[in-house]
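Peer 1: Could you have a look at this structure, given as C-alpha cells, before my questions?
The values are calculated or read from the model by the stated rules, or taken from the named source; none is laboratory data. Computed from a predicted structure; not experimentally measured. When we count neighbours, we look across all protein chains shown, and the Cβ atoms used for this are built from the backbone with ideal geometry, even at glycine. Surface areas here come from the heavy atoms of the whole protein model, side chains and all, with no ligands, DNA or RNA. Shrake-Rupley method; radii C 1.70, N 1.55, O 1.52, S 1.80 Å.
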Amino acid sequence: MPTRLFRTTAGAVIEQDGVYHLAATADWDALLNADDIGEAVTGVIGRAETVAAGAVADDRLLAPLGAQEVWAAGVTYYRSRTARMEESRVAGGGSFYDRVYAAERPELFFKATPHRVVGPSGRVRIRTDSRWSVPEPELALVVNRRGTIVGCTIGNDMSARDIEGENPLYLPQAKVYAACCALGPSILLGRGALSPETAIQLEIRRGGTQVFAGSTDVGMLKRTADELVGFLYRDNEFPQGCVLLTGTGIVPPDEFSLQHGDEISITVTAIGTLRTVAQLGAAQTV
C-alpha cells in the first residue's frame, strides 16, 4: 500500500500499510527534505506511537505545508486553455493563452505563502471585488529543496476569473490573496504513485444541494511533472522545497460563481478528499 503523510494538530502522522503512526516531534520540513525520504519515514515510524484512524479526521488536519511556498502552473489542460481564452477575449488577451498552451515554456506563477493556505475544513476566500470566482481543483506536486518530487497532494487554486479576464496583467490580484489556496488532506509519497487514469473530482454543494460536479484525469495534463518542476527550479532556490499546483482540467460553466457558504470537495482517491467552505471576504462567518 502507498504511504501517506498527514500534518495534524498533534504532529505528523504517517499511514503505512493501513496503520497510523504519530510522530509528534518530527520536523516536517526536515522530513520532506531528507536525502532519502523513504529511509527517513522508516526511521520516524520506528520512534512513533501507533494511533487510531481518527487521528487524521478532518477537524484535526492542517495543510500539509511547513515553510514551503506554493507556486502554480496555468493552461496545462485543453479545457483550461479554452476557458482562459473565452474570459479574456474582450480584453484582447485570448491569444496569450493559446500560445502558452503550445509553447515550450509553461506559465508558472507564485500562488501563496504558507499563511495564505488553508487545510481541510478550512475556509477559502472569495474576493469581495470579484463577481465571478471559482475553485480550481489541481494535483499538487510536493518538491524538496533539490528539485526532487517526493509526493503529491490535492490543491484548490481559488481564482477570480473576472479580474484575470479583464486584463491578464491582473493575474496576481486574481490569484494571490488571503486564504486563496487550500491543500490536503495528505501527501501521497512517491514520484510515480498515481497512474494517468487517476481521476480528479470536484463537487460543489450549496445548502445541501449539488450545484456543480466535474472530473478529469491526470493523463489529460499536457506537460509532465518533471517538465514543470524543471522550469520552476531554473535560476531559483527553495530552501525548504515548494508545492507546485499543476493546473486544472475542471472549469465550471461561465454562469457559475461561488457563493458564501458553498461546500467544496475535491477528491483524488489515493490521496483523499479535500473539503473546504467558501467565505466572502474576511468578516463573515459560515
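So that you can scan it fast, the table gives a plain yes or no per residue for (1) open to solvent by 10 Å² or more (accessible area, probe 1.4 Å); (2) acidic (Asp, Glu); (3) touching an Asp or Glu at 6+ places or on another chain (Cβ under 8 Å); (4) modelled with pLDDT under 95:
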residue: ALA55; (1), (2), (3), (4): yes, no, no, no
residue: GLY66; (1), (2), (3), (4): yes, no, yes, no
residue: VAL70; (1), (2), (3), (4): no, no, no, no
residue: VAL75; (1), (2), (3), (4): no, no, yes, yes
residue: ARG79; (1), (2), (3), (4): yes, no, no, yes
residue: MET85; (1), (2), (3), (4): yes, no, yes, yes
residue: SER88; (1), (2), (3), (4): no, no, yes, yes
residue: GLY92; (1), (2), (3), (4): yes, no, no, yes
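Peer 1: Look at ARG234 and say whether it is over 20 Å from PRO114 (Cα atoms), of a type in the set (D, E, K, R) and at pLDDT below 95. I'd like the intermediate steps shown before the answer.
Peer 2: Numbers: over 20 Å from PRO114 (Cα atoms): yes; of a type in the set (D, E, K, R): yes; at pLDDT below 95: no.
Spelling it out, it is not the case that ARG234 is over 20 Å from PRO114 (Cα atoms), of a type in the set (D, E, K, R) and at pLDDT below 95.
Peer 1: Please count how many residues of region 212-235 are open to solvent by less than 60 Å² (accessible area, probe 1.4 Å) and either touching a Lys or Arg at 6+ places or on another chain (Cβ under 8 Å) or not charged (D, E, K, R) (or both).
Peer 2: Number satisfying all stated conditions: 14.
Peer 1: Could you grab me the full set of residues in region 185-211 that are among the polar types (S, T, N, Q) and open to solvent by less than 30 Å² (accessible area, probe 1.4 Å)? Spell out the reasoning first.
Peer 2: Taking region 185-211 and keeping what is among the polar types (S, T, N, Q), we get 186, 195, 198, 201, 209-210.
Selection gives SER186, THR198.
Peer 1: Checking CYS152 against (1) farther than 19 Å from SER257 by Cβ; (2) out of contact with any helix residue (DSSP H, G or I) (no Cβ under 6 Å at 6 or more places or on another chain); (3) surrounded by fewer than 24 Cβ atoms within 10 Å (Cβ to Cβ), only one condition comes out false. Which one?
Peer 2: All conditions pass for CYS152, except number (3).
Peer 1: Now for a separate question. For residues that are in contact with a strand residue (DSSP E or B) (Cβ under 6 Å, 6 or more places away or on another chain) and hydrophobic (A, V, I, L, M, F, W, C), scanning just region 155-169, find the one that is surrounded by the fewest Cβ atoms within 10 Å (Cβ to Cβ).
Peer 2: ALA160
Peer 1: Continuing with the same structure: Could you pull out the residue among GLN210, GLN240, GLN173 that is modelled with pLDDT of 95 or more, assigned to a loop (DSSP other than H, G, I, E, B) and not charged (D, E, K, R)? Spell out how you get there, then give the answer.
Peer 2: On the way: GLN210 fails: assigned to a loop (DSSP other than H, G, I, E, B); GLN173 fails: assigned to a loop (DSSP other than H, G, I, E, B).
Every option except GLN240 fails the conditions.
Peer 1: Which residue out of GLY249, GLY261 is in a loop (DSSP other than H, G, I, E, B) and crowded, with 18+ Cβ neighbours inside 10 Å? Step through it out loud before you land on a result.
Peer 2: Values: GLY261 fails: crowded, with 18+ Cβ neighbours inside 10 Å.
Exactly one of GLY249, GLY261 is in a loop (DSSP other than H, G, I, E, B) and crowded, with 18+ Cβ neighbours inside 10 Å, namely GLY249.
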